[in-house]
Amino acid sequence: MNDKFNMTIAVHFETPDESRIVFEALYPEIQQHSFDRSNVQLKLRSNKLIIQIRAQDLTAAKASTNSMLRWLSTVSTAVAIISKHTFNHSEKSSKNRGN
């Protein structure tokens, strides 16, 4: 593939666990999704998720970037909701034990 467009997106998370959860959720999508004119790679570095996109043309670069950002947004939102629910639930449990 003759890559004319190369992009790197680095997303910082609060904890390494959060970045690992998002990485593990996105990785199967990358493996299963076929990008004809582009290549997407994910890397995990502590609390940072790195998305590398290489594309043959601007249209393919834009399509791959939009797909990754949509998936990232969806997974990040789900993780935030679950984390908030888990935190609130554990906080209520602690208060109930103290009464």
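Can you give the FRET efficiency for T15 and N66, using 1/(1 + (r/R0)^6), R0 = 35 Å, r = Cβ-Cβ distance, to the nearest 0.05? List each step's numbers first, then the result.
Working: r = 27 Å, r/R0 = 0.77.
Working from the Cβ atoms, E equals 0.80.
Which of D17, D3 comes first, and how do the rest follow, when ranked by fewest Cβ neighbours within 10 Å?
The order, fewest Cβ neighbours first, is D17, D3.
Where a Cα-Cα gap under 15 Å defines reach, which aspartates and glutamates qualify for K48, not counting those fewer than 8 residues away within the same chain?
Within reach: E14, D17, E18, E24.
How long are the semi-axes of the equivalent ellipsoid of segment 5-98, defined as square roots of 5 times the Cα gyration tensor eigenvalues? Whole Å, largest first.
Working: eigenvalues 228, 29, 19 Å².
Working through the eigenvalues yields semi-axes of 34, 12, 10 Å.
Readers should treat all values here as calculations from the given coordinates under stated rules, not as data from a laboratory. Remember, predicted model here, so these are calculated numbers, not experimental data. Backbone-built Cβ (ideal geometry, glycine too); neighbour counts: all protein chains shown.
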